[in-house]
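Scroll down for the structure; my scribbles are underneath it.
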Amino acid sequence: MGIEERPAEADGTRFGDWEMDLIVGPENKGAKLTLVERSLSFVIIRNLPCGKVPSEVSKVVVDALLPFKRCGAVKTITTDNGPEFADHETISRRLGTTVYFADPYSSWQKGLIENTNMLIRHYITRDENLSKLTNEQVAAIQYKINRRPKKIRIPNTISGILSIFANVSCILVWNL
């Protein structure tokens, strides 16, 4: 679905709205899936051993977000129209969500993941062969990024504050 159909509630104030992209090495040597939850800027980075193959990308997305689905925390996913996301229907079906696509040449419509990828590039240079990064190295980068101070939208209602605690509990149960 086009981003114009994404619900207004997916504005970054509720937990469970995700943005998704890939980081690719030079000459397509290795790829990393990047996901970021919009309200808490919580980052997930995963190796893509088969590169940009759509069926493999969808499998890694589902594996990464399945624990959050169990917490009811996969409401929407926003990405670009890259061919690596051609298997978006599998993602939608397996996670019980809708994948929304930003307009072409409108990276600002998924600006948080674009900024997150720039942050990841502080740890992974553009000329680095990404296929050589181990799962442990990727996990260490994810750990560092998720522990950085971030600006988040703090709700000003009791129910909003309680939902933040529930969301943090979901992350802690996920054992990060």
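Listed here are the residues, each with its yes/no results for (1) outside any helix (DSSP H, G or I); (2) under 29 Å from V24 (Cβ atoms); (3) over 15 Å from the mean Cα position of the chain (by Cα); (4) at pLDDT below 75.
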site	(1), (2), (3), (4)
R94	no, yes, yes, no
M118	no, yes, no, no
H122	yes, yes, yes, no
I154	yes, no, yes, yes
V168	no, no, yes, yes
L172	no, no, yes, yes
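In the range 96-106, what count of residues is obtained for those that are in a loop (DSSP other than H, G, I, E, B) and modelled with pLDDT of 95 or more? Write out each step before concluding.
Step one: list which residues in the range 96-106 are in a loop (DSSP other than H, G, I, E, B), which gives 96-97, 102-106.
Checking which are modelled with pLDDT of 95 or more leaves us with 96-97.
Counting residues in the range 96-106 that are in a loop (DSSP other than H, G, I, E, B) and modelled with pLDDT of 95 or more gives 2.
Conditions tested, residue by residue: (1) assigned to a strand (DSSP E or B); (2) buried (at least 18 other Cβ atoms within 10 Å of the Cβ).
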residue: K32; (1), (2): yes, yes
residue: S39; (1), (2): no, yes
residue: R46; (1), (2): yes, yes
residue: G51; (1), (2): no, no
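If I ask for residues that are under 13 Å from Y100 (Cα atoms) and among the charged types (D, E, K, R), which ones from the range 12-35 would you list? Matches in the range 12-35: D17, E19, D21.
Is at least one residue of the range 54-61 touching a Gly at 6+ places or on another chain (Cβ under 8 Å), of a type in the set (S, T, Y) and surrounded by fewer than 22 Cβ atoms within 10 Å (Cβ to Cβ)?
Here is the first cut: in the range 54-61, the residues touching a Gly at 6+ places or on another chain (Cβ under 8 Å) are none.
No: zero hits.
Test of understanding: among E136, E114, E128, which residue is in a loop (DSSP other than H, G, I, E, B), within 19 Å of K32 (Cα to Cα) and at pLDDT 85 or above?
Checking each option against the conditions leaves just E128.
Among the residues of the range 1-30, those identified as of a type outside the set (D, E, K, R), surrounded by fewer than 18 Cβ atoms within 10 Å (Cβ to Cβ) and either over 22 Å from V60 (Cβ atoms) or in contact with a Cys (Cβ under 9 Å, 6 or more places away or on another chain) (or both) are G2, I3, P7, A8, G12, T13.
Only one of the numbered conditions (1) buried (at least 19 other Cβ atoms within 10 Å of the Cβ); (2) closer than 18 Å to L65 by Cα is not met by A102, and that is (2).
The values are calculated or read from the model by the stated rules, or taken from the named source; none is laboratory data. Bear in mind that the values here come from a model prediction, so they are computed numbers and not experimental data. Note that each Cβ is placed from the backbone with ideal geometry, even for glycine, and that neighbours are counted across all protein chains shown.
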